[in-house]
Each structure stands twice: as structure tokens, then as C-alpha cells.
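Enquirer: Pasting a structure here, questions to come.
The values are calculated or read from the model by the stated rules, or taken from the named source; none is laboratory data. Note that this is a predicted model, so its numbers are computed, not measured. Glycine gets a Cβ as well: all are built from the backbone with ideal geometry, and neighbour counts include every protein chain shown.
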Amino acid sequence: MSHLATPLGLHENEKFQAAYWKIFRSFFGEANSGLVRSMLLAKVDTADTGATDLDRVCFGLRQTMGWAADAIEQKALAEIGAGKPPPRAVAQ
């Protein structure tokens, strides 16, 4: 499952990545975000979207809390003025 930023061509964008981590810290709180990040990195060795920490953390979130992964990415995209990604296809 790809990042919401991928169809917009922003997955590798430094501004998106900085916004993602800012929103991630805000979402989980400064005290907890490091622990959540460490737990997800320990759980996920490789992700289908890439090998960066962001890829691994986002993949781990999608496996456990897909709604949180989408919310964080959507807020990060909005923060950099990227708008909304195209809707995901629904599996039937």
C-alpha cells in the first residue's frame, strides 16, 4: 500500500517528510512519539514503499492503525499546501 503522498509525487519531498514528522510528534505527543517511532521501527524491517524510517513507521502504522497513518499523512500534505491525494480504490 503506497503512501498518500506517492501519487502526488511528494513521497521523497523533504518538506513533506519534515511535515510528516512534525505531525507525527504532535499526534502522539512529544513524550510518546519517540517511543511509538522506536516500537514501529523495531517491528518493521522493510516496507513495500521504501527503506527510510518514514516508510517503515508509516507501514507499521498502516498495519495497526490505518486511520492514524492516513490522518498524519493528510495533515502533513495539507501543511505543505499539497492538497488532497486521489481517493484510494476500495477492495471488494
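Enquirer: Count, please, the residues in region 53-92 that happen to be under 16 Å from Ala19 (Cβ atoms) and at pLDDT below 85.
Expert: Within region 53-92, residues that are under 16 Å from Ala19 (Cβ atoms) and at pLDDT below 85 number 4.
Let's see how each residue does on (1) of a type in the set (Asp, Glu); (2) more than 23 Å from Ile80 (Cα to Cα):
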{"position": "Asn13", "(1), (2)": "no, no"}
{"position": "Gln17", "(1), (2)": "no, no"}
{"position": "Lys22", "(1), (2)": "no, no"}
{"position": "Arg25", "(1), (2)": "no, no"}
{"position": "Glu30", "(1), (2)": "yes, no"}
{"position": "Leu35", "(1), (2)": "no, yes"}
{"position": "Leu41", "(1), (2)": "no, yes"}
{"position": "Val44", "(1), (2)": "no, yes"}
{"position": "Thr52", "(1), (2)": "no, no"}
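Enquirer: Further, regarding this structure: Taking region 5-52, which residues are at pLDDT 80 or above, of a type in the set (Ser, Thr, Tyr) and part of a loop (DSSP other than H, G, I, E, B)?
Expert: Those that are at pLDDT 80 or above, of a type in the set (Ser, Thr, Tyr) and part of a loop (DSSP other than H, G, I, E, B): Thr46, Thr52.
Enquirer: I'd like to verify a number: residues in region 29-51 that are hydroxyl-bearing (Ser, Thr, Tyr) and out of contact with any helix residue (DSSP H, G or I) (no Cβ under 8 Å at 6 or more places or on another chain), how many?
Expert: Selection size over region 29-51: 1.
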